[in-house]
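Asks: The structure follows.
Every read-out reported here was derived from the displayed coordinates using simple, explicitly stated rules and does not represent laboratory data. Predicted model, so just to flag it, every value in this text is computed and none were measured. Note that we place each Cβ from the backbone using ideal geometry, even for glycine, and neighbour counts take in every protein chain shown.
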Amino acid sequence: MVHSNTFSGKLADAAINVFMVFVIIICLYPLVFVFSMSISDPLAAAAQEVWLLPKGFSLNAYKLVFENPDIWTSYLNTIWYTVGGTAFNVIMTISLAYPLSRRNFFLRGPVTFLIVFTMLFSGGLIPTFILVNDLGLYNTRWALIILGAIGVWYVIIARTYFTTIPESLIESAKLDGANDIRIFWTVIIPLSKPIIAVLVLFYAVGHWNSYFSALIYLPDKNLQPLQLYLVKVLVENTGLADSIMPSEEKSLAIMQIKYAIIMVATLPILFVYPFLQKYFVKGVMIGAIKG
Amino acid sequence: MTKRTNGSAKIVSALIVASLAMTGCQSSGGPATNNSNQGAAESPKPSTSGSPGTASTSPKNPMPIVTDGSVTLTVAAPDNPFAAASLTQNLPVWQEIEKATGVKIKWDVVPGSQFQTAMQTRLASGKNLPDIILSNFDLYKYSKDGLLLQLDDLMAKYGENAAKIFETKPLLPALMKTPEGNTFHLSGTRDEEVAAGPYGWLIRKDWLDKLSLPEPVTVDDWYNVLKAFKEKDPNGNNKADEIPMTNYNGVTQLYNWGNAWGLHLRASDGFYPDAKGKIQYEWLDPRAKEMVAFLNKLVKDGLLDMEFAVNKKDQMTSKIIRSLSGATIAWQESNTLWTNKLREAGQADAQWVMTTPPAGPNGYKGHIEKSGLSNGYSVINRDSKNAEVAFRWLDYVIYSEENTKRMTLGIEGKTYVMKDGQPQMTDFVTKNPDGLGAVEVIRSLGGWQTFSQASRVEYISKLKLTDEVLTERAKLVQSYLVPTAEFAMPTEDEYSNINRKLTDITTYKDEMIAKFILGQEPMDKWDTFTKQIKAIGIDEVIQIRQSQYDRLMSEK
Amino acid sequence: MPNPPLSPPIGPAQTRRGTALHTLKKNAIRDKFLVLMVMPAVIYFIVFHYLPMYGILMAFQDFSPSRGIWNSPWVGLKWFEEFFNSIYSFRLIKNVLLLNFYSLLWGFPIPIIFALLLNEIRRNTFKRVVQTVSYMPHFISVVVIAGMTITFLSPNDGIVNVVIEKLGFQKINFLSEVDWFRTIYISTDIWAGFGYSSILYLAALAGIDPQLYEAARIDGASRFRQLIHVTLPGIAPTIIILLLLSLGRMMSVGFEKIILLYNPSTYEVSDVISSYVYRIGLVGGEFSFAAAVDFMNATINFVLIVSFNWLSRKLTQTSLW
C-alpha cells in the first residue's frame, strides 16, 4: 500500500484527509457540546446559548453530582461489572465461536441455528425473572454477569473472523498431533487479536452502558451501577416523566445536571478504545500460512 | 450417540424440574385467590367501613405503632425525583417518620420513569414482593388477581386518619373501590395542588405595561396582545425575534384553550358530564372546532410557537429566559424562577405573572381544570407478615395531618419555622444556596414525593406562594377552578374494551388536531374528523365512561 | 478467490457413505474437543434462553399474574386479532419496515465506506485520532442527541434554519413535517453510530493477510484494484453476515428515540409498533398483548432471516448456518 506517487493517488489522499477532518468535527461536536453545557453558567446553559464553547463558568452541576454519597459505590460497581463481565463474556464467546467456525464440525449448523433462534424469540422478562429467582441469582452481582454471558451477535462476528484463518494452519497443527483445544490456544488465539480486541471493546461498552438488568434484578443500592443514576437524571429531565409528576418546576442547576453526569459517566470508557486500537493494525496474519 | 441421548435427557429433566418449580409457586397462589374471594363475601357492606360515623373517641391508630423497633417494612417506591438524593439514603423527613411511627423502613426504589416496568415484572412473577408498594401507576390488574391485600377490614379498624380525609372528600373512597365494591389500594389527593399553586395562563406583565396593554381577558384580547408582542418589539432588541407564546409537552397542552369555550379537553381528556349527568365527548362539540380554528389562526399569524408540537420543557425555558416569549401555560411557581433569571440577565423590570384564564367569544368566562382527585396507588402485599402495621403506617404516612405537613414543608427549624402558629419557609428554601427551587429543596430532604399523599391546601400554599405577587394571583384565579371528571374503576370488560379503542381514538385525534393547528389539514375537513372518531367507536367508549360515572355517583 | 477457507473442506467423514448413525458417531468422536468447547455455551443458552421460552405462551393467554403462565386461561389468537382490529395496525407495520429499510439502505454502507477510507490513511497517528473520535457519539445518550437535534432544527432559530434562510429559502418546520421524520431519525442514527459500527470492519481488515497485497502489487495492481480484488473479498464475509443479522431485525424499532423525536403531527410516518404499545402500556399492564406483538415481530424477523440466509447460501456460500 505504498503506491501514492501518482497525481491521482495524491489527490485521493488529500480528499480522504479532508473528509476525515470533517468526520472529526461532526463526531467531536456532541462531546464538546455536552462538556461546554456542563461547565457553563447555568443561565447560559438553560437559555441554550451554548453552541460550542462554554459561556461563563460554573461547577455547580458537578457539585450536585458528587454530593450524592452513592456515586462512588456505583462507580466501583460499574467497574466491577465491566471488568468481570467482559472477561467472562470474551472467554465464553470465543470458545463457542471457534468450533462454530470449523466448517466440518458436525454440530456447526444445529448449534448456530439454536443460538440465532434466541436472538429472535425470547420468553420475555417475566419467566426470566422467575428463573433468576429460582437460581438464587436475584439481588446478587452474578445476575448481571451470568445473564448476558454470551451475545449471539458477537459469536457470529467472532465466528466470521475465525473462518478467515487459513484451514491449512489447523490441518498442519493436527498433523503435528495437536488436539482442537490445543490448536485453539496456540494457533488461533495469537492470530485473533483484532477480534478479541473488538469483543473486549463491545462487551465492555455494553456493560458500562447497561442499566436495565440492574433495574430489574438488583434492588440493593450497594450493588447498583452508575448508569442507573444516569437514567434517573436523564429521563426525569426529558418530559417523558412529566405525566407522573406534575407541578414541578426545575431550577437551572437541575436542568444542567444531566450534562455533568454524562461527562462523569462517559469519560472513563472513552479511554478504553485508544488502548485497544493497536490490535487493529495489519500484519497479524503475516507469515501465517507458512505456520 | 449415547452422549446425545444423555444430553437431551438432561434437558428434559431440567425442564421437568423447572415446570415443577413453576407449578409449586402457582399452587401457593391458588388458595390465596380463594381467600380474597371469601374476604369479599365476608364483608358485604364494605362501603360503611370507612364512614366517619364509626370513629370512636379513643384513637384507632395511635403513634408509635411499635415501640421496640422490632418491625421493619420493605417499601417499594419510585425513587426521589430529585436525582441527587435517593430515598435509600435515610433522608431527614423519613428519619422523622421512623421516629414517629417506630417502624423501620427498608427502601426498595427504582427510578421513577422505570418504576412501572420493574414493579410489573416483579408483581407478574410474584417474586420478591415488598410489604408495601407506593405505586405511581394503576395496580388494578393485580388487585383483581388477588396479589394484593384487601383493605376494607383494616380500614374499619385502624383507618383513623383516612376517615378524616374522606369526610371532606367523599369521592375519594369511592374512587378506590373495585366494581365489586372492595378496596385494595389507598390514594392520596391532589386536587388541592391546583388551588394552592395554580396551573394556567402566565404572561410577561412588564411587556404589557411597556406596550400599555391591559391584561387580556377574552380570547380576542389574547390575540391582540400576542400580536402586539410580535410586532412592537417588547424585548427591545430592535429585532422581530419574538415568539409571543410558547408551550411545552406538545399539542395536548394546547387543549387547555378549550377552557375558554367551556370545554374540558385536557385534564378530563374531553369526557365530561353535561348538566344532566350525561357524559359527552367534547371533541365532537362544535365549540372544539372554534377552539382549533383559533389556535390555527395563532400559528398562521406567527403568534404561537410553530414548534408547539415539539417543545419540551428545556425548549420552553430557553425561549423564556432569552426573553423571546411573553406568554405560556404552566404552573405558577415557574414565574419566580423566570422573573429572577430575566432580572439576573439584565432585564430589571421583568415580571411574569399568572393571569385569569381566557374567556370565550360566546360569553363563557373561562375556567381552570383541577388535577384529578386521587393520587397514587399504595398497596399492601397479600403475603406481608406485618399487614396490620403496614396499614397503620400507610394511614399515618398518607393521610395524617402531621405527616402531610412534614412531606410538604419539610423539617421544622430547617425548612420552616412556626411564627404566630403559622409555618413560614426559611431562607434555606426561598433563597437556597445551591440555587434549588422550593420543591426541590423539600425533595432533597425526602419530602414532596411522587407517590400517594393527601395534600392539604394550607401547607402547599406556604410552600408555593412564597411572595405577595404569587399569593395575590393565586387568589385571583380561585373562582375559576372546576373539578375534573372522575370515573369509577372499570370492570374487566370495560377495561379491555376501552383501552384499545381509546388508544386509537386518541392517536387519531391528536394527530388530526396537530395538523389542523399547523395548517397541514384544512379546517373544512372537520366533519371528516368527527365522522372518523365515531367510526372508530367513540359511542362505545362514551357508554363505558357513562356507566363508570354512574357507578361512582351511586357510591358517593 | 484469494481466501483459502472458502474452498469446500473435504473431511474423511463426508467422503464415505455410511449409515447416518454411524457417521454421527464417528463425527462425535472426531470432534469431541470441539463439542467440549461448545458445551458451556450450549448449556447457557438452554438454561437462560430456552427454559424461559414458555413465556411465549402468554401471547395466547389472558395472562394473569397470580395464576401464572401455567394456569392462565387460553384465548387463542385474541390478542393478534385485537392488534389487527386497530385501524393503525398496517400503518404501524409499514412504518417499522420502511424505517428499517431506509436505515439499512443508508446506514449499512456508511460504516463500510468509512472503514475502507480509514484503511487508506497513511499517517498512523491521524488514523488513530479519527478512529477514536468517530466512535465517541455512540456514548452520548439518545436523550441528549434528541435534544440537540431539536435545538439544531428549530424553525425559530435553529442553526440549520438560520442557514436555510440566509440562502434565501423558506424555513422548514422539520420535526412537525411528515416528509422529514425518517431523514432526521436515520441521519442522527448514522451520526451517532457509524464510527462504532465501523470497528467491526476494521478488525476484519486487520485480519487480511498482507501477503495478498504484496502479491497484488507484484502483479501491478493499482490501489483501486487492490481494493476491489483484495480488500473487499477479505471483508465480504463480515459484510454479508452483518447484513443477514440486520435483516433479522427488520420488525424491531426501539421506542425511546422515536418517543423523543416524534409528535402527533408526524404519527403518519413516525408511529411504530413499539411506540404504540408504549402508549397502550401507559394505561395498564398488558402482558399478553405485548407478548403477542413481540411474537408477531419475532416471527416475521425469523421468516426474513431464514429466507435471506437460504438465498445467501445459494449465492455467496456465506451463511449463518
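Asks: With θ taken as phi - 60° and the coefficients 6.51, -1.76 and 1.60, list the Karplus ³J(HN,Hα) couplings across the stretch C:70-83 in order, rounded to whole Hz; mark glycine and proline as x.
Replies: In residue order, the calculated couplings are 7, 10, 6, x, 7, 10, x, 9, 3, 6, 5, 4, 4, 4 Hz.
Asks: Place the peptides A:167-174, C:255-262, B:72-79 in order of packing, highest mean first, counting for every residue the other Cβ atoms within 10 Å and averaging per peptide.
Replies: Numbers: A:167-174: 16.1, C:255-262: 19.6, B:72-79: 23.2.
Taking the mean over residues of other Cβ atoms within 10 Å, the ranking is B:72-79, C:255-262, A:167-174.
Asks: Using θ = phi - 60° and the Karplus relation 6.51 cos²θ - 1.76 cosθ + 1.60, list the HN-Hα couplings for the stretch A:193-209 in order, rounded to whole Hz, with x at every Gly or Pro.
Replies: 4, x, 6, 5, 4, 4, 4, 4, 4, 5, 5, 4, 4, x, 5, 4, 8
Asks: Let me ask something additional. Helix-derived [θ] at 222 nm for the protein assembly as shown: sum -39500 (n - 2.57) over DSSP H runs of at least 4, divide by residue count, nearest 500? Present the calculation step by step, with values, prior to reporting the outcome.
Replies: Values: 57 runs with 657 residues, N = 1168.
The helix-only estimate for the protein assembly as shown comes to -17500 deg cm²/dmol at 222 nm.
Asks: Under 18 Å Cα to Cα from B:Lys127, which aspartates and glutamates show up? Leave out anything in the same chain fewer than 8 places away.
Replies: Counting by Cα, and skipping residues close in sequence, B:Lys127 has these aspartates and glutamates nearby: A:Asp134, A:Asp220, B:Asp108, B:Asp145, B:Asp383.
Asks: Considering every residue in A:194-203, what mean count of other chain Cβ atoms within 10 Å of its Cβ is obtained? Could you put the intermediate results ahead of the total?
Replies: Values: counts 8, 5, 1, 4, 6, 1, 0, 4, 3, 0.
Mean shielding by partner chains, rounded to a whole number: 3.
Asks: For C:Lys78, list the lysines whose Cα falls under 19 Å from its own Cα; do not include residues on the same chain fewer than 8 positions away.
Replies: Straight-distance partners of C:Lys78: B:Lys141, B:Lys501.
Asks: Next question. Pairs B:Lys289/B:Lys462; B:Lys205/B:Lys276; B:Lys341/B:Lys370; A:Lys55/C:Lys166; B:Lys312/B:Lys370: which exceed 30 Å Cα-Cα?
Replies: Where the Cα-Cα span goes over 30 Å, the pairs concerned are B:Lys289/B:Lys462; B:Lys205/B:Lys276.
Asks: I need the peptides A:131-138, B:258-265, B:107-114 ranked by packing, meaning the mean over residues of other C-beta atoms within 10 angstrom, with the highest value on top.
Replies: On the way: A:131-138: 18.0, B:258-265: 24.6, B:107-114: 22.5.
Descending mean neighbour count gives B:258-265, B:107-114, A:131-138.
Asks: Over the stretch A:60-289, what is the relative contact order in whole percent, taking alpha-carbon pairs under 8 Å and six or more residues apart? Walk me through the numbers before you get to the answer.
Replies: On the way: 194 pairs, mean separation 78.9, N = 230.
Relative contact order of the stretch A:60-289: 34 percent.
Asks: Here is a follow-up. Fewest to most neighbouring Cβ within 10 Å: what's the order for B:Trp94, A:Trp72?
Replies: Values: B:Trp94 22, A:Trp72 11.
Lowest count first: A:Trp72, B:Trp94.
Asks: May I ask what percent, to the nearest 5, of DSSP beta bridges between residues of chain B are antiparallel?
Replies: Numbers: 24 of 40 bridges.
Of the beta bridges lying entirely in chain B, close to 60 percent run antiparallel.
Asks: Still on this structure, please answer the following. Summarise the partner chain shielding of A:27-36 as one whole number: the mean count of Cβ atoms from other chains within 10 Å of each residue's Cβ. Please report the intermediate quantities before stating the final value.
Replies: Working: counts 12, 6, 6, 11, 5, 1, 5, 5, 0, 0.
For peptide A:27-36, the averaged partner shielding equals 5.
Asks: Give the lysines reachable from C:Lys127 as a straight Cα distance under 22 Å; neighbours fewer than 8 places away on the same chain don't count.
Replies: Here the lysines satisfying the reach criterion relative to C:Lys127 are A:Lys10, A:Lys193, A:Lys278, A:Lys282.
Asks: Right, here's the next one. If you average the sequence gap of Cα pairs under 8 Å that are 6 or more apart and divide by the length of the stretch C:165-321, what percent do you get for the contact order? It would help to have the intermediate numbers written out before the result.
Replies: Values: 93 pairs, mean separation 46.5, N = 157.
Reported as a whole number, the value is 30 percent.
Asks: How crowded by other chains is B:476-487, given as the mean number of beta carbons from other chains within 10 Å of each beta carbon?
Replies: 0
Asks: Something else about it: So what are the protein assembly as shown's ellipsoid semi-axes, whole angstrom, largest first, if each one is the square root of 5 times an eigenvalue of the alpha-carbon gyration tensor?
Replies: Working: eigenvalues 576, 292, 156 Å².
For the protein assembly as shown, the semi-axes come out at 54, 38, 28 Å.
Asks: Search the structure for amide H atoms under 5 Å from the amide H of B:Val482, placed 1.01 Å from N in the peptide plane, and list their residues when 5 or more places away or on another chain.
Replies: Residues meeting the criterion, in which the H sits 1.01 Å from N, are B:Ile368, B:Glu369, B:Lys370.
Asks: Of the listed peptides B:400-406, B:480-486, what is their order by residue-averaged count of other C-beta atoms within 10 Å, with the highest listed first?
Replies: In descending order of packing, they fall as B:400-406, B:480-486.
Asks: Given Cα pairs under 8 Å that are at least 6 residues apart, what percent is the relative contact order of the stretch C:108-206?
Replies: Details: 72 pairs, mean separation 43.4, N = 99.
Normalised by residue count, the contact order of the stretch C:108-206 is 44 percent.
Asks: Here is a follow-up. Which cross-chain or sequence-distant (5 or more) residues have an amide H under 5 Å from the amide H of B:Val110, H modelled 1.01 Å from N in plane?
Replies: For B:Val110, whose amide H was placed from the backbone, the distant partners under 5 Å are B:Ala77, B:Asp79.
Asks: Got a sec? How would A:Val21, B:Val219 order by Cβ neighbour count within 10 Å, fewest to most? Let's see the in-between values first.
Replies: Numbers: A:Val21 11, B:Val219 22.
Fewest-to-most ranking of A:Val21, B:Val219: A:Val21, B:Val219.
Asks: In whole Hz and in residue order, list the ³J(HN,Hα) couplings for the stretch B:153-160 that follow from phi through the Karplus curve 6.51 cos²θ - 1.76 cosθ + 1.60, θ = phi - 60°; x for Gly and Pro.
Replies: Listing the rounded values in order: 5, 4, 4, 5, 7, 10, x, 5 Hz.
Asks: Ok, one more. Could you list B:Glu180, C:Glu268 so that the one with the fewest beta carbons within 10 Å of its beta carbon is first and the one with the most is last?
Replies: Working: B:Glu180 11, C:Glu268 15.
Fewest-to-most ranking of B:Glu180, C:Glu268: B:Glu180, C:Glu268.
Asks: Build a GNM of chain C with springs between Cα atoms under 10 Å: which of C:Tyr50, C:Tyr185, C:Tyr88 gets the top mean-square fluctuation?
Replies: Result for chain C, Cα springs under 10 Å: C:Tyr50 fluctuates most.
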